[in-house]
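The values are calculated or read from the model by the stated rules, or taken from the named source; none is laboratory data. Because the structure is predicted, anything quoted here is derived from the model rather than measured. FYI the Cβ positions are ideal-geometry reconstructions off the backbone, even for glycines, and counts take in every protein chain you see. Accessible surface is based on the protein model in full, side chains and every heavy atom, while ligands, DNA and RNA are left aside. Shrake-Rupley method; radii C 1.70, N 1.55, O 1.52, S 1.80 Å.
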4 protein chains.
Amino acid sequence: MTVPFILDTDTAQDDCVALIAGLLDPDADLRAITMVAGNVGFDKQVRNAHLTLNVCGRLGTVPIHLGCRQPMVVPWVSAENVHGDGSGGLDMDFAGTATEDEHAVDALIRLTAQEPGELSIVAIGPLTNIAMAAVKDPAFVRNVKRLVIMGGSNNGRGNITAAAEFNFYVDPHAARVVFEAGFADIVVVPWAPLTLQDAVFSREQLADIDRLGTSLSRFFLTVCGPTLAFDESVGIPGTTHPDSLSVGVLLHPELALASAQYHVAVETESELTRGYSAMSWGVHGLEPNATVVERADGPAFHTWITGFLATSTEPNRPFHGWDS
Amino acid sequence: MTVPFILDTDTAQDDCVALIAGLLDPDADLRAITMVAGNVGFDKQVRNAHLTLNVCGRLGTVPIHLGCRQPMVVPWVSAENVHGDGSGGLDMDFAGTATEDEHAVDALIRLTAQEPGELSIVAIGPLTNIAMAAVKDPAFVRNVKRLVIMGGSNNGRGNITAAAEFNFYVDPHAARVVFEAGFADIVVVPWAPLTLQDAVFSREQLADIDRLGTSLSRFFLTVCGPTLAFDESVGIPGTTHPDSLSVGVLLHPELALASAQYHVAVETESELTRGYSAMSWGVHGLEPNATVVERADGPAFHTWITGFLATSTEPNRPFHGWDS
Amino acid sequence: MTVPFILDTDTAQDDCVALIAGLLDPDADLRAITMVAGNVGFDKQVRNAHLTLNVCGRLGTVPIHLGCRQPMVVPWVSAENVHGDGSGGLDMDFAGTATEDEHAVDALIRLTAQEPGELSIVAIGPLTNIAMAAVKDPAFVRNVKRLVIMGGSNNGRGNITAAAEFNFYVDPHAARVVFEAGFADIVVVPWAPLTLQDAVFSREQLADIDRLGTSLSRFFLTVCGPTLAFDESVGIPGTTHPDSLSVGVLLHPELALASAQYHVAVETESELTRGYSAMSWGVHGLEPNATVVERADGPAFHTWITGFLATSTEPNRPFHGWDS
Amino acid sequence: MTVPFILDTDTAQDDCVALIAGLLDPDADLRAITMVAGNVGFDKQVRNAHLTLNVCGRLGTVPIHLGCRQPMVVPWVSAENVHGDGSGGLDMDFAGTATEDEHAVDALIRLTAQEPGELSIVAIGPLTNIAMAAVKDPAFVRNVKRLVIMGGSNNGRGNITAAAEFNFYVDPHAARVVFEAGFADIVVVPWAPLTLQDAVFSREQLADIDRLGTSLSRFFLTVCGPTLAFDESVGIPGTTHPDSLSVGVLLHPELALASAQYHVAVETESELTRGYSAMSWGVHGLEPNATVVERADGPAFHTWITGFLATSTEPNRPFHGWDS
Ligand SMILES: [Ca+2]
Ligand SMILES: [Ca+2]
Ligand SMILES: [Ca+2]
Ligand SMILES: [Ca+2]
């Protein structure tokens, strides 16, 4: 029994890993990739999605819908200082690669309407596309089965500011809209403390991955390597994988060792706290609107990811720019 | 030489008058009606649009596209305390009346893309549809010729609060997005002081309209009459016509006796000043982003409107609920 | 029967005129001058107060209490681009001039407590001292008879931004505190439209003042002259006198031709609308907390001011820097 | 060599413990108690201070200065749902107990001015008095040696809301003012995670205190007991002692096992995040303005407190309402 879902992504680094999992996990039924403005330049993100499909030998097999190139209200902010081009300088011949004519917002609305209550969404970028779909068509909210969101922090550190995690910071209004929209089943994979505790790959683990010697392991290290230096400079001992953990939590709920009901609200008004997620754990009299993952099975998550990386794949096209 | 345009409207009271002008003025080439959440319940607004097409004998001749049923970020606020159902209780047999399948946001994007730089838009409701189109497709902003906006006040009183005019108050984020989006030619028809000075029809003028004895004059009084009591209760000596003035300003620019370049910014962060339009008149070092109409030719505007009301039309269907 | 009051001032330009009126009007019983950070550097303001006392021959006769040198929450913003040093370069020998040891906040509290309900305050700068006194001692609010405030705009233009008048902009939190504090009798003299309509002295009127040939007329022109060029550059046909009008309205209530009850609230949260005064005129269901002067007797005000300027005074010390 | 300091307090529960430490620690030279609106009704807080002086046999030996009875800008919010009357129903004959005439704000200014750079302040309530002193007299900021603040959370949970700790929530503007004022040496003792990790007394520890059988142990349990049920209901396994830890950190810096430089900013504009403290740990390019205690020596802290509780004291007056 596979899990049908759409991956809404600002494809760079761990988004690529999330996409690999969504393509290769036998339990996954990835219906579409929807692209949203986030980590790096929009067109670079599209390239990164094609590169990832290519390394899996799946170029052209999953529709890519281009979505909003800017947040709903505020100007776009990039994380290129962290992510570079988002795929470690990797390149290939993109001739003939294509994306759908249909806008991501419309694809989200249409696909979920075709099978009401059957499709889930894993949203691992700013929530612009999801919120736009909710504003454009109220039925969208009712048609989504489960919405897994990578974003915010659960009463812990942000990353782009002390207060805020990147995805919610970039489009705080979209995040607010999504948590107020009435989705029946939202699962949140926060940055802190969850990701920092349970979804960091250490230098040792990266060295183990290097020894796998597959196209995928090489792709992984090329793509994720550039953030390592940045992560270490801010005190994180390895690469971070919240996006792939989000796919993991959808496909294998047992990866979430502890979760709880929270009321999540996102700050849109103040500059200081822009994008802060107020996650209230049940003592403030607020109605829960989301399940927040509090603890994940880090070793199982690592095993799950490295399982894919050990797989032998046939890239559709040769890569340029492999680390050597 | 006619002026091709789309009317984006929350059809109630003066929106109906604006639509009459858009249908009957020989200089107007009304391509589509796009509906946005605003004055009264969304479905009532659609009915009001059909009622207006009917009184003009034009039922079914202009496509009506349904747009966003809620603002971008904040919940919808109605003005039903002012407008009632928006058409004075008027009714007819709506059987067979239809609206387009295409969403208003998509219609705005498609129609303007078909003739880049040729179509104008008169937006006389909250700016949700316009902002959503701008966020969904950046090309939309470049494709619009002129965008006439009824909204805000030019350093004068609001109506729904001291600070804010209704359209900007209802969807302040949309208004902010629109003024920051980079439209080449925005013309603003503000509530105060412009509307209150130059677009109020007095009891005497309404009595003159009554004497016209046409279907249109009867329709006008039925539709606009209910706001008269409210207007007088807040010190306005007559019915107000900013929406129809906006159509007038597009079709007959000479109705604007004075206009100037302003930098317009709309408040989204504070509850007290939600929807306030900061219209800076050139002394604060801000780059202009709009032309604001400062003075209109009230008598000419009145003559222009009453000219239509004096016209004999054949309603497609009989009305129920005429005032008698 | 004289009117006992305290003048809370950021002494520059029209504050000097207000002080002249407070010193010379036989109906005035000026008990103290309290100084607050505002128009120009704090120490320059103190000098300007001494200069004004000097031109009236009253140096050392009224206690000057130094108050808050910064707003309550936000950093101080100067208006030196408008006001220069606030007295047109005027100078004198300040040796031996003195100010009180007691802080302005404490003087406000003590003086009003000594005669509960008897003393009024005319506040013609940012409201920092007044608000600090209210926060420090709740009894202060009850002890003040009438509080006349120069600040805000009544649904009209600001001056420092489109949205805001200078005094409220500089310390918006203080202004908010004052309007929420529960003073029994607040009278507001707003910038727009009142000041612009009824308290501007034209070039012709200034020429008439010049012909008076007194020390006071010379002082007035030296002090007020520098703002004339600025005012004209922003479209105001003359010098503006809201501060002296505020003293006028306390001493001679008949100068206010029209006033009404308003609910006044001041914006503190948003940068765009910082210091905006939402003056609600009774149609929004808010409890009035202030009387706002809507129309003043401009000619009578002008006559009242020029009456003082025609007076012959003996400055205590010679001035340096007279315009020649 | 004793440490001279002032205790600024909203005396209830752990404030009483902090006061006991400040009175009984031989290294402490407590010069004054300044009272600020916070936990419970202002007059109850004053009673609680007297009760605490009494149990130590020190009634009348330390001046109590009454300060601001409300926050700087926003209305007072109580924590009486947590704290009750703040001393577990304890009572005594208060006849003849007295407080100083001088306002707390003035006492803070005067005492620190008398010995510039020599006196420290431990602020364990909302920061209203401290901020008011800074606004009233800029020299105050320069005269304070060290300012220890109990408030905020270090990228962790709040208590009154998910986002905010009580002291900063109650007067966010004061907290903002204090962190922007330029104090040379601010030490922050945050609520989370520090207090929850290192300053909670468990039921077992409370039982041990009970066995001490002194007036002070009895006082402690009577005063702190009522919060135990509340704390346990929100998942905290014991009574919390951030205020006494703050005194501990001043008198015995070695109680702070880990501290680091942070830039602390406090949210004043948004309702959702009101009072949130953005504590930036050095990776966001912000200049540090405070030292935040990250880890305390919990056992040593506990030993330090229970050392006082084991002391035999002679209350000046008998208590009514002892738990029996
Ligand atoms: Ca991502
Ligand atoms: Ca309308
Ligand atoms: Ca002034
Ligand atoms: Ca406390």
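Tabulated results
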read-out	value
Condition check for residue C:48: modelled with pLDDT under 95 and outside any loop (DSSP other than H, G, I, E, B)	no
Selection count where residues are under 21 Å from residue D:108 (Cα atoms) and within 14 Å of chain A (Cβ to nearest Cβ), scope the range D:147-197	8
Any hit, the range A:28-42, residues being among the aliphatic types (A, V, I, L, M), touching a helix residue (DSSP H, G or I) at 6+ places or on another chain (Cβ under 9 Å), more than 16 Å from ligand 4 (Cβ to nearest atom) and without any contact (Cβ under 8 Å) to a residue 40 or more places away in the chain	yes
Number of the condition not met by residue C:182 [criteria: (1) at negative phi; (2) surrounded by fewer than 16 Cβ atoms within 10 Å (Cβ to Cβ); (3) touching a residue at least 24 places away in the same chain (Cβ under 8 Å)]	(1)
Which listed residue, of A:268, A:222, is of a type outside the set (Gly, Ala, Ser) and closer than 26 Å to residue A:307 by Cα	A:222
Pair list, Cβ under 9 Å, 6 or more apart: the range B:232-259 residue free of Cβ contacts under 8 Å to residues at least 12 places away in the same chain, other residue more than 13 Å from ligand 2 (Cβ to nearest atom) and assigned to a strand (DSSP E or B)	B:253/B:187; B:253/B:259
Filter pass, residue B:315 being of a type outside the set (Phe, Trp, Tyr), over 19 Å from the mean Cα position of the chain (by Cα), at pLDDT 95 or above and assigned to a helix (DSSP H, G or I)	no
Index of the failed condition, residue A:112 passing every other in (1) more than 17 Å from the chain's Cα centre (by Cα); (2) assigned to a loop (DSSP other than H, G, I, E, B); (3) away from chain B (no Cβ under 14 Å)	(2)
Any hit, the range A:161-179, residues being open to solvent by less than 20 Å² (accessible area, probe 1.4 Å), away from ligand 1 (no atom under 16 Å from the Cβ), in contact with a Phe, Trp or Tyr (Cβ under 6 Å, 6 or more places away or on another chain) and over 19 Å from residue A:267 (Cα atoms)	no
Flag for residue C:36 being within 15 Å of ligand 3 (Cβ to nearest atom), within 14 Å of chain D (Cβ to nearest Cβ) and surrounded by 24 or more Cβ atoms within 10 Å (Cβ to Cβ)	yes
Selection from the range B:254-263 of residues that are open to solvent by 10 Å² or more (accessible area, probe 1.4 Å) and touching a Ser or Thr at 6+ places or on another chain (Cβ under 9 Å)	B:256, B:259, B:260, B:261, B:263
Residue count, the range C:42-76 (criterion: closer than 17 Å to residue C:170 by Cα, within 16 Å of ligand 3 (Cβ to nearest atom) and either more than 14 Å from chain D (Cβ to nearest Cβ) or open to solvent by less than 10 Å² (accessible area, probe 1.4 Å) (or both))	4
Residue in the range A:32-45 that is within 16 Å of ligand 1 (Cβ to nearest atom), in contact with a Leu (Cβ under 6 Å, 6 or more places away or on another chain) and not polar (S, T, N, Q) present	yes
Filter result (without any contact (Cβ under 8 Å) to a residue 40 or more places away in the chain and within 26 Å of residue C:253 (Cα to Cα)) within the range C:194-231	C:202, C:206
Some residue of the range A:139-156 being free of Cβ contacts under 8 Å to residues at least 24 places away in the same chain and open to solvent by 10 Å² or more (accessible area, probe 1.4 Å)	no
Test: residue in the range B:161-174 that is assigned to a helix (DSSP H, G or I) and charged (D, E, K, R)	no
Matching residues, the range D:77-102, being over 23 Å from residue D:320 (Cα atoms) and open to solvent by 30 Å² or more (accessible area, probe 1.4 Å)	D:77, D:78, D:100, D:101, D:102
Residue in the range A:129-136 that is open to solvent by 10 Å² or more (accessible area, probe 1.4 Å), among the aliphatic types (A, V, I, L, M) and away from ligand 4 (no atom under 16 Å from the Cβ) present	no
Among the residues listed as A:119, A:53, A:108, the single one being of a type outside the set (Ser, Thr, Tyr) and farther than 25 Å from residue A:308 by Cβ	A:108
Filtered residue count, the range A:295-311, keeping only those that are surrounded by 19 or more Cβ atoms within 10 Å (Cβ to Cβ) and over 16 Å from residue A:208 (Cα atoms)	1
Residue count, the range A:1-36 (criterion: of a type in the set (A, V, I, L, M, F, W, C) and within 12 Å of the chain's Cα centre (by Cα))	12
Residue check, residue C:91 more than 16 Å from ligand 3 (Cβ to nearest atom) and away from chain B (no Cβ under 14 Å)	yes
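Listed here are the residues, each with its yes/no results for (1) in contact with a helix residue (DSSP H, G or I) (Cβ under 7 Å, 6 or more places away or on another chain); (2) open to solvent by 10 Å² or more (accessible area, probe 1.4 Å).
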| position | (1), (2) |
| --- | --- |
| A:188 | no, no |
| A:193 | no, yes |
| A:199 | yes, no |
| A:206 | yes, yes |
| A:221 | yes, yes |
| A:236 | yes, yes |
| A:241 | yes, no |
| A:246 | yes, no |
